[in-house]
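The values are calculated or read from the model by the stated rules, or taken from the named source; none is laboratory data. In this text, all values refer to a predicted model and were calculated from it rather than measured experimentally. Positions of Cβ are generated from backbone atoms using ideal geometry, with glycine treated the same way; all protein chains shown enter the neighbour counts.
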Amino acid sequence: MDKEKDYSNLHRGLVIKYFWQVMRNFKISFFILVFGSITRAVLDIYVPFQLLKLWNVLSTNNFDFVSQARSIVVTIFILGLLSWALKRVIEFSSFYFAANVIAGLRSQAFSYMMGNSRNIYSCS
């Protein structure tokens, strides 16, 4: 016979509470993850606008704007490098955060389980 487990006493608030207890030990990597992702999203929106600006400068067919086009290309290159570096930092922070939070949750669950288990070797 297959018994179904009763999860009725498991509440979302309790799960979030346990997650927050473990997560607050890794605040720096969490904030790097959040703010780095926001910054990278802004860069991913801003770079195409720079490409459009470069296209508009090049479409004038006026060689007086070469210095302006050069500065736009350098800006696009620097923003691309920044976006790439930010991506690597976000990925490292994500892996570090996820691995440590999962390990902390497992440790917390194991200590809770050991605290509530019966000691079969006790005489009482």
Answer from S37, S83, S94 - the residue that is at negative phi, under 19 Å from the mean Cα position of the chain (by Cα) and in contact (Cβ under 8 Å) with a residue 60 or more places away in the chain = S94
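Kindly indicate whether I16 is surrounded by 11 or more Cβ atoms within 10 Å (Cβ to Cβ), assigned to a helix (DSSP H, G or I) and touching a Leu at 6+ places or on another chain (Cβ under 9 Å). Give the steps one after another, and end with the answer.
Working: surrounded by 11 or more Cβ atoms within 10 Å (Cβ to Cβ): yes; assigned to a helix (DSSP H, G or I): yes; touching a Leu at 6+ places or on another chain (Cβ under 9 Å): no.
No, not satisfied.
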Mind listing just one residue for me: the one in the range 1-58 that is among the β-branched types (V, I, T) and modelled with pLDDT under 90 and, of those, nearest to G80 (Cα to Cα)?
-> V57
